[in-house]
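> One structure follows; several queries about it will come next.
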């Protein structure tokens, strides 16, 4: 190729750099927009379907006379942004037996109240709720935790304590097992020297 035939222009290097930065910024915005459009939100719809199946209401004020304020905010938001930005879920006394693994996707959760239900197990992903500082699992008599979940709860207790607005569990929750051979039986101290044979 012959450079003699190409037109020459005098350019301001500062203007070229500014224009390049603008174009790169525009490209990044377009790529980010495309990525947002490609995000898989199906977990949100699965979480809402679970809430509907379990008759968990949209986030609303639930009147309850025995509470100091006369009730509490409970339920699960059916608005995507409210759901994603939620820091507190009160699913108290909804008779739920299973919590979906999608709950662990809600990384902003700091409080999760699951007391008064019929939970049998927690999803293994529950430990991903790294911002959780308040957890209520009381009054779930059939709830059995994995060893990993027991350790997770012990760590939460060590960090945030027990009691109201902290970690609340039944006294025997960490001892429960679904293995009938591991049931806690009181130890009997026997002195074999005193047994006549």
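> Only one of these is modelled with pLDDT of 85 or more, more than 20 Å from the chain's Cα centre (by Cα) and surrounded by fewer than 15 Cβ atoms within 10 Å (Cβ to Cβ): 63, 53. Name it.
63
> Oh, and also: Just the residues that are surrounded by 15 or more Cβ atoms within 10 Å (Cβ to Cβ) and more than 18 Å from residue 90 (Cα to Cα), please, taken from segment 158-173.
160, 173
> Restricting to segment 107-130, give me the number of residues that are in contact with a helix residue (DSSP H, G or I) (Cβ under 7 Å, 6 or more places away or on another chain) and closer than 16 Å to residue 85 by Cβ.
Of the residues in that region, 2 qualify.
> Identify, from the list 112, 99, the residue that is in contact with a strand residue (DSSP E or B) (Cβ under 7 Å, 6 or more places away or on another chain), under 30 Å from residue 79 (Cβ atoms) and at pLDDT 95 or above.
Result: 112 is the single residue among 112, 99 that is in contact with a strand residue (DSSP E or B) (Cβ under 7 Å, 6 or more places away or on another chain), under 30 Å from residue 79 (Cβ atoms) and at pLDDT 95 or above.
> Here's something else I'd like to know. What tally of residues in segment 76-108 results from selecting those that are under 21 Å from residue 138 (Cβ atoms) and over 15 Å from the mean Cα position of the chain (by Cα)?
Going through segment 76-108 one residue at a time, the tally reaches 6.
> Determine whether residue 133 is touching a helix residue (DSSP H, G or I) at 6+ places or on another chain (Cβ under 8 Å) and farther than 21 Å from residue 51 by Cα.
Criteria met by residue 133.
> Further, regarding this structure: Could you please find all residues in segment 169-192 being modelled with pLDDT of 80 or more and out of contact with any strand residue (DSSP E or B) (no Cβ under 9 Å at 6 or more places or on another chain)?
Once the filter is applied, which keeps residues that are modelled with pLDDT of 80 or more and out of contact with any strand residue (DSSP E or B) (no Cβ under 9 Å at 6 or more places or on another chain), segment 169-192 yields 170, 171, 172, 173, 174, 175, 176, 177.
> Within segment 145-168, count every residue that is assigned to a loop (DSSP other than H, G, I, E, B) and either at pLDDT below 95 or over 17 Å from residue 113 (Cα atoms) (or both).
Final tally of qualifying residues: 6.
> On the basis of being out of contact with any strand residue (DSSP E or B) (no Cβ under 6 Å at 6 or more places or on another chain) and either modelled with pLDDT of 95 or more or buried (at least 17 other Cβ atoms within 10 Å of the Cβ) (or both), does residue 195 make the cut?
no
The values are calculated or read from the model by the stated rules, or taken from the named source; none is laboratory data. Remember, it's a predicted structure, so these values are computed and weren't measured experimentally. Because the Cβ atoms are built from the backbone with ideal geometry, glycine has one as well, and the counts that use them run over all protein chains shown.
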